[in-house]
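Asks: The following block contains the structure, expressed as structure tokens.
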Amino acid sequence: MGNNRLHSAAVAVVCGSLALGVCGPALASGRATDSIAVAEPAPAPASGRSDSIGSLGETLSLGSRFLREARSRTPDVDYLRDLRQRLQESADRLLVDVRARAHRHDDGASNDPVADVKAQLDKLVKDVTDLLAAVLAKDVAKVTALLAQVLADLQALLTSVPKLVGGAAPLPVPLPV
């Protein structure tokens, strides 16, 4: 859609890093293939953290694939629609997992981190929907702006969800130069 090579390479590296940073440990242990190959969502077991991180990985992976297809020279609109639907479903599963994890470890804090994650997921889905509309309208300027916004949404999820479910620092992500 008219992006220069450096920008495209930076977006590809960041999206790949997002997906690999989250899914890497699951891929190494062989658990990721089970969650990726399943078409219907499985009920969330009591393990909590790994389910939330797995759902986050799926959401980030779908977002990354959506970005890659949206910035291609000739985007496949049907594939984008399918990815958007799958991203919505994945975001819903992630929110359920995060809520379950947060309620098990409710510390009575005044701010609600689950509401923050919900707002981030809602914003991601809205921005992806807007990006799909921009691709359909062939509005290159809007597509370019929304690509950056969706990437920022994915990065925000990557920093907030691991802190919420594990109390740990966010996963390291290389930022584009």
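Bear in mind these aren't lab numbers, they're just calculated from the coordinates by the rules spelled out. These numbers come from a predicted model, not from an experiment. Cβ: placed from backbone, ideal geometry, glycine included. Neighbour counts: every protein chain shown.
Asks: If you count, for each residue, the other Cβ atoms within 10 Å and average over each peptide, how do 53-59, 79-85, 145-151, 64-70 line up from highest to lowest?
Replies: 53-59, 64-70, 145-151, 79-85
Asks: Now, a different point. Sum up the charges of everything whose Cβ sits under 13 Å from the Cβ of THR159, counting Lys and Arg as +1 and Asp and Glu as -1, but leave THR159 out.
Replies: Result for the neighbourhood of THR159: -1.
Asks: How much FRET efficiency would the formula 1/(1 + (r/R0)^6) give for ASP116 and SER72, where r is the Cβ-Cβ distance and R0 is 22 Å, rounded to 0.05?
Replies: After rounding, the FRET efficiency stands at 0.10.
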